[in-house]
Amino acid sequence: MRFRVLAVAAAAFVLAGCGEKADYVRVAETEGISVDVGNLVYQVQISRYLNPGSLEDFQYLEGLPQGTPREPAPGEIWFGVWMRVKNYTDFSEQPSTQFVIKDTEGEEFFPTRLAPSNPFAYRPGPLPAHQVLPNPESAAANGPIQGSLNLFKLKTDALQNRPLVLHIEQPGQEGAEVDLDL
């Protein structure tokens, strides 16, 4: 009997310590929990409203599309979602470009693409094996939030229809969802 218990314990130890990820997380009920999409792991560092009048937030809004005012229209707000993406594989992988925030009424909000001049913007190029986005040497990784920014313009009415859920999609892969903290 003692031998069987030791054998089972040893087998469990070996399987637990093999370094292979067996379970995939597709839903995170809060920020900070990593979710899996394909071979990549996404973690929302933080999400929050942006105030165009604040110096820090003013810089996050650099590179808005031409003709887009920094001050949102009445009934709208800028909302930032900062994230990290990790490639645990031995191969280069392409991070997602497909994000949408949905409220409980089914309203959908898509990210605003920021110009390359914004050093905090989420820019998903091929991610080499065992690397992270944003690059650890970048302004985004070394800033106060330590993540890349996806910028959304939300209707203020959506703030009443919580939780707001970030959906991460990748063609040919099962997507993931993260409930955003507000």
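Numbers for the structure displayed
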item: Relative contact order %, the chain, counting alpha carbon pairs below 8 Å whose residues are six or more apart; result: 28
item: Angstrom value of the Kirkwood radius, inverse mean 1/r, which spans all Cα pairs in the chain; result: 17.9
item: Global size of region 60-99 as Cα Rg and Dmax, reported in angstrom; result: 15.7, 48
item: Cut-off 11 Å between beta-carbons: net charge of the residues surrounding Pro128, Lys and Arg +1, Asp and Glu -1; result: -2
item: Expected 222 nm ellipticity per residue - DSSP helices of 4 or more, -39500 (n - 2.57), all of the chain, to 500; result: -4000 deg cm²/dmol
item: Tilt relative to the chain, helix 2-16 - C-alpha long axis, 0 to 90 degrees, to 10; result: 30
item: Check: region 24-180 dipole with +1 on Lys, Arg Cβ and -1 on Asp, Glu Cβ, in debye; result: 300
item: Loop-located chymotrypsin sites (Phe, Trp or Tyr not before Pro) in region 66-127, at most 13 other Cβ atoms within 10 Å (DSSP); result: Phe91
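Here, each number is a calculation from the coordinates, and none is a lab measurement. Everything numeric in this text was worked out from a predicted model, so none of it was measured. Heads up, the Cβs are rebuilt from the backbone with ideal geometry, glycines too, and the neighbour counts pull from every protein chain shown.
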